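Below is one structure, written out as structure tokens; the observations come after it.
The values are calculated or read from the model by the stated rules, or taken from the named source; none is laboratory data. These numbers come from a predicted model, not from an experiment. Please note: Cβ atoms are built from the backbone with ideal geometry, for glycine as well, and neighbour counts cover all protein chains shown. When the accessible area is computed, the model is the full protein with side chains, heavy atoms only, and any ligands, DNA or RNA have been set aside. Shrake-Rupley method; radii C 1.70, N 1.55, O 1.52, S 1.80 Å.
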Amino acid sequence: MATERTALITGASSGFGLLTAVTLARRGWRVLATMRDLARREKLEAAALAAGVFDRIEFLALDVTNAEQIAELAALIAARPSRLDALINNAGFAMAGFAEDVSDAELRQQFETNFFGAAAVTRAFLPQLRRQGFGHIVMVSSISGRMGFPGVSSYAASKFALEGWAETLRLELKPLGIQVALVEPGSYETDIWSRNAILSARTKDANSPNAARVARLLSRRETGKLKANPQVVADGIAAILDDPRPRLRHVFGWDTRFGLLLRLLLPSKMLEELLIKVSGIGT
């Protein structure tokens, strides 16, 4: 009988994290579903019950910006007899706002979760993966980790940092039998741009020099909102975990593929003009 595989997922209360938890559980995985606030577990509980996999999911509290909590959870999991086959760093949020309107404190808040949180969680569980001599680490990034877009400089910066860190980490861990992969979704119908989005304080200020441009940008984002099914990304993560030697980057979404293709084919000046026009931020 094959040994049961175990995956730990951060930010599992909604979005890609929730879908990945249920998807893996349906495929026979034992899922350690972590979230900052266990009071927000109802949505995942309901999805797990509907899928008939509630008994395969364990709910655990984890704030990826809390070093003490990270250490305690890593020690708890390491003390268990079961192995840890996969770590999926999914926790994150989007700080929206023009770069000049985002404060230092807000920028640091963005990095604390999206970059430093993922790095801290990974380091905490690496000793166990090292002892085992195997395991997968998946970083949920974004097309914004490959391309900058107006109004999301903080989010893009945090994802660019995550991508560079993960690419180097992959080289360091591959000789140890540990695989690192990046997931780069485009626009999907998740909470990242609704409940989990934060608009910088000055961006909401009517006196901001960018007030009119922000209004146009948000209007374009809402009218152009895609309804792509995020289940595709959850299935993709499951496939990565089934691959003993996955490639580094995994792109999801036609908009991501199209954007990267345009960056490859168009002169930089033309691409910049196109992004400015599409976003509606031109003066």
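A few comments on the model shown:
- A single member of 218, 226 is out of contact with any helix residue (DSSP H, G or I) (no Cβ under 6 Å at 6 or more places or on another chain), modelled with pLDDT under 80 and closer than 17 Å to residue 99 by Cα, and it is 218.
- Subset of the stretch 17-41 that is touching a Phe, Trp or Tyr at 6+ places or on another chain (Cβ under 8 Å) and open to solvent by 10 Å² or more (accessible area, probe 1.4 Å) - its residue that is farthest from residue 233 (Cα to Cα): 38
Residues are listed down the side, and each one gets a yes or a no for (1) part of a loop (DSSP other than H, G, I, E, B); (2) under 19 Å from residue 38 (Cβ atoms); (3) in contact (Cβ under 8 Å) with a residue 60 or more places away in the chain:
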{"site": "59", "(1), (2), (3)": "no, yes, no"}
{"site": "65", "(1), (2), (3)": "yes, yes, no"}
{"site": "83", "(1), (2), (3)": "yes, no, yes"}
{"site": "88", "(1), (2), (3)": "no, yes, yes"}
{"site": "91", "(1), (2), (3)": "yes, yes, yes"}
{"site": "108", "(1), (2), (3)": "no, no, no"}
{"site": "117", "(1), (2), (3)": "no, yes, yes"}
{"site": "131", "(1), (2), (3)": "no, no, no"}
{"site": "144", "(1), (2), (3)": "no, no, no"}
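- Test result for residue 100, open to solvent by 50 Å² or more (accessible area, probe 1.4 Å), at pLDDT below 95 and either among the acidic types (Asp, Glu) or part of a loop (DSSP other than H, G, I, E, B) (or both): yes
- Of the criteria (1) surrounded by 20 or more Cβ atoms within 10 Å (Cβ to Cβ); (2) under 13 Å from the mean Cα position of the chain (by Cα), which one residue 160 fails: (1)
- Being over 19 Å from residue 114 (Cβ atoms) and not hydrophobic (A, V, I, L, M, F, W, C) is a description that does not apply to residue 10.
- Taking the numbered list (1) open to solvent by less than 10 Å² (accessible area, probe 1.4 Å); (2) among the aromatic types (Phe, Trp, Tyr); (3) in a loop (DSSP other than H, G, I, E, B) in turn, residue 149 passes all entries but (1).
- Matching option when the condition is closer than 19 Å to residue 235 by Cα and at pLDDT 95 or above, among 67, 74, 51: 51
- Unique match (being of a type in the set (A, V, I, L, M) and open to solvent by 60 Å² or more (accessible area, probe 1.4 Å)) among 49, 44: 49
- Selection within the stretch 52-86 - open to solvent by 20 Å² or more (accessible area, probe 1.4 Å) and of a type in the set (Asp, Glu): 55, 58, 63, 68, 72
- Within the stretch 245-276, restricting attention to residues that are open to solvent by 70 Å² or more (accessible area, probe 1.4 Å) and not in a helix (DSSP H, G or I), the residue that is nearest to residue 167 (Cα to Cα) is 247.
- Considering (1) farther than 23 Å from residue 101 by Cα; (2) open to solvent by less than 30 Å² (accessible area, probe 1.4 Å); (3) over 16 Å from the mean Cα position of the chain (by Cα), the lone condition that residue 170 does not fulfil carries the number (2).
- Selection count, the stretch 231-283, where residues are among the β-branched types (Val, Ile, Thr) and free of Cβ contacts under 8 Å to residues at least 60 places away in the same chain: 2
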